[in-house]
Structure formats: structure tokens, C-alpha cells
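See below for the structure under consideration.
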Amino acid sequence: MKYSEYLCPTYTRPNVLFVRGLGSRLYDAEGNSYLDFTSGLACNPLGYSHPLLIQEIKEQLDFLIQTSNLFYTEPQLLLARKLSDISLKGRVFFCNSGAEANESAFKLARVYGKERYKILTAKGSFHGRTLATLSATGQEKIHKGFEPLVSGFDYIEFNSLEDAKKKIDKKTVAIMVEPIQGERGIYPATSEYLEGLRKLCSENDLLLIFDEVQTGIGRTGYIFAYQSYGVIPDIITLAKGLGGGFPIGAMIAKKGLGELLQAGMHASTFGGNPISTRAGLVVLSVINDRNFLKDVKEKGNYFKEKLSSLPHKEIRGVGLMIGMDIEQDAKEVVKQCLEKGLLINAPSNNCLRFLPPLTVTKEEIDEAIQYLMLCKT
Ligand code: PLP
């Protein structure tokens, strides 16, 4: 069947059809195996077919799949409590994706701001593809063709406190940044920057929002990347890894803030459904463990050290969120890796991004390095 005849051509895809996943590997319809160092773009932190996830989801399927948010369901309450306990001790709003989690944060910021509505975001950022989140995204190529943009966003230089100070005016209500810019090619914020933004927000009654859609849920060797900086935001947005492969998004707002979203102000039909939230509970039960997180940090350091033996311009990142700038055409390297059985991606022409499952082994890292070494450029 020619899928390309039926689907909107929104993605450039190679001619591979995946039918099965196990651990760090995917298998195509012909039975070929691929080591997946994209882990579904950071959505499968436990790898594929994790036994506990399969067991609990099967059990949940037998109990209850969905009811709408007109009623309480147990996994939703348990996951909200867990997320709150391990972060801001505030309230959670569930939705289905990173973009929706960010939309929720924008709406909450506008409610908080009353007549103030302006949100500053960083150049090079990525916050999603809905109209408001693409408008918040500080990249012209994402805006192109969708103007007029949603108003109320302005862009600041990433890692420049001076620029943030300059752009704040009496209509500003919030600053949103990713602790590490993922889609741009893994660019970490400096400690001084996030500490400075915290101070700036507190002094000017602005909300500090961290988009942890990519950095969150153990990816950096911390449950949330903000913990490694010791800078506490007012709002955190999550998605990707939280569902272990099931679609979920979450916004966590500090105590006293989330309460502002009163009945009727925001909603999501599928948000916080029993399957996705049960999956979130499993993911956290595995990842929120000192040894597991220590292992992620160690494997990240091991991987970076191995990568540094390959020709490169720069290696960036923390934990298992790694970007490597190279001289060669990164898309060509991605293509060659696919042919050899390794999945990676290229966020730009000269950058390779590695987001393996957090359960990846050192042997699999060695194997990935072997494939990369074999790439001809
Ligand atoms: N925010 C960040 C930092 C992301 O990396 C992404 C997706 O890559 C999003 C938001 C959007 O998430 P989603 O594709 O689930 O809407």
C-alpha cells in the first residue's frame, strides 16, 4: 500500500514500516532490527514493550479506558498527586501533548496576568505546532506560512539576561524557556541564566515557565531538568516521556496558581484518561529512583566520552539528551545509520541528536558508536 497517497505529507519519512518494538530495538515488516536512539523522540524512556508497562496497561484496559473529565478516575488522581509531590506541590492539568500543555500554561498565565498578557520566549526555542505554540516558538521557519501569528509573544536571546531585562514591559506576565533547547540541537541554558530569570521574574511579578516536555521525566538524569539547576519555576509543562509511549501532556502549577483555572475555563476530553495516566504512574515508578537516575547520568557521560572519539565540532547535553555538531551533512549520516540499523535524527544540517531510551545499555551505546564509525562522509 502507498501510504503517501493517503496521509498529509507533513513528514519526510524513509521507506520503513515498523511493526514491533522490544527494549531499545524496533523491527520492520521484513524482520530487520534497528537500534532506536530516538526512542520515539523521547517518548519511550522505558524502551519498547517494558514488561511492567504492558502488564499494568493490560490490566487497566480490562477495567476502564475512558470516561471524560465530567467524573473522577483513580489513575488520574494518583498521577496528579505523584507529579505534585515530586515537583511544585501544586496542581496539575492533564492534556494529550506537549503543545497542549504549553497552551494550558499560556492560558493560566493570561488569567494570572489579568490585563497583562505578554509572554517572552527564547529565540531558537520550540514549544509546539498549534497556532499559539508555534507563535511562542522562537524560530521563523516554524512561523512561515501561518501568519498572522497569535499575538502576545516576544522573543529574547537564549542565555542573555540583558535581553530579557530589555524586553520586559508593563504588559509582560511570564517568561517561558526550555532548560535545554532540544529541537534546536540540544543547547543547555547556563545556570546564571536560569537563576537570573528566576530573580527577574520574582522581582517583576512574572511567572517563570519551564517547558520540560523534552527535558523532563529522567532524560537528563534528574526527574526534571530544573532540579539540576536548583531553580524552581512557577509552572512546568510535560509530555513525551511521561506516558511511556501513550499520549499525555501535563501542566504543573505552583500552589495558589493552578487554582485560578476555575470550572469551565479550560478542558480536554481525553486529558488524563485512565490509560495514559496509568502509564504515567508506571513510568514514574521506574524512573523516580535514585539508582535509575544515577545510571542515566553515568550512561550519558559514557556515551559522550565515546562520541568524543569520533570526528566532531561540538558535543552538548546532559544525561541521555545529547547533540553533536559535525562538519558533514547530518541528514546523510542519519540516512546511512538507518541503512546500518541505527535510528538517530538531525535537528539541523550539521547536528545529530541522540535520545536513546533511558534503559539503554552500555553495550547498545558501543553498538551505536560502531554504526556511527562506519558512516562514510
Ligand atoms: N515543547 C518541547 C520542548 C518539545 O520538544 C516539543 C516537541 O518536540 C513540544 C513542546 C511539542 O510537543 P508535542 O509534539 O507533544 O505537541
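The values are calculated or read from the model by the stated rules, or taken from the named source; none is laboratory data. Since we're looking at a predicted model, the values are computed, not measured. All Cβ positions, even for glycine, are placed from backbone atoms using ideal geometry, and neighbour counts span all protein chains on display. Note: areas computed on protein heavy atoms with side chains; ligands, DNA, RNA excluded. Shrake-Rupley method; radii C 1.70, N 1.55, O 1.52, S 1.80 Å.
Looking only at strands (runs of 3 or more DSSP E) that fall completely inside region 267-377, which ones have 1 or more residues that are of a type in the set (Gly, Ala, Ser)?
Values: elements: 314-318, 321-325, 345-348, 351-354.
Result: 314-318, 321-325, 345-348.
For (1) crowded, with 22+ Cβ neighbours inside 10 Å; (2) touching a residue at least 40 places away in the same chain (Cβ under 8 Å), each residue gets a yes or a no:
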| position | (1), (2) |
| --- | --- |
| Leu200 | no, no |
| Ile217 | yes, yes |
| Phe224 | yes, yes |
| Leu242 | yes, yes |
| Ile252 | yes, yes |
| Gly264 | no, no |
| Gly271 | yes, yes |
| Pro274 | no, yes |
Filter pass, Val286 being open to solvent by 20 Å² or more (accessible area, probe 1.4 Å) and out of contact with any Gly (no Cβ under 8 Å at 6 or more places or on another chain): yes
Residues (surrounded by fewer than 24 Cβ atoms within 10 Å (Cβ to Cβ), farther than 14 Å from Val213 by Cα and not polar (S, T, N, Q)) located in region 125-137: Leu131, Ala132, Leu134
Hits in region 334-367 - residues which are closer than 17 Å to Leu310 by Cβ, open to solvent by less than 10 Å² (accessible area, probe 1.4 Å) and over 23 Å from the mean Cα position of the chain (by Cα): Cys337
Residue within region 93-100 that is at pLDDT 95 or above, away from the ligand (no atom under 16 Å from the Cβ) and aromatic (Phe, Trp, Tyr) present: no
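Matching residues to (1) among the β-branched types (Val, Ile, Thr); (2) touching a residue at least 24 places away in the same chain (Cβ under 8 Å); (3) under 22 Å from Val231 (Cβ atoms):
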{"position": "Glu103", "(1), (2), (3)": "no, yes, no"}
{"position": "Ala109", "(1), (2), (3)": "no, yes, yes"}
{"position": "Ser125", "(1), (2), (3)": "no, yes, yes"}
{"position": "Gly145", "(1), (2), (3)": "no, no, no"}
{"position": "Val150", "(1), (2), (3)": "yes, no, no"}
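Restricting to region 30-67, and then to whatever is within 23 Å of the chain's Cα centre (by Cα) and in a helix (DSSP H, G or I), can you tell me which residue is farthest from Lys340 (Cα to Cα)? First the steps, then the outcome.
We begin by selecting, within region 30-67, every residue within 23 Å of the chain's Cα centre (by Cα); these are 34-50, 52-54, 57.
This time we only want the ones that are in a helix (DSSP H, G or I), so: 39-42, 52-54, 57.
Details: Ser39: 17, Gly40: 18, Leu41: 20, Ala42: 21, Leu52: 31, Leu53: 29, Ile54: 29, Ile57: 33 Å.
Going through the qualifying residues, I end up with Ile57.
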Unmet requirement for Lys107, which otherwise passes all of (1) within 16 Å of the ligand (Cβ to nearest atom); (2) basic (Lys, Arg); (3) within 29 Å of Ala346 (Cα to Cα): (3)
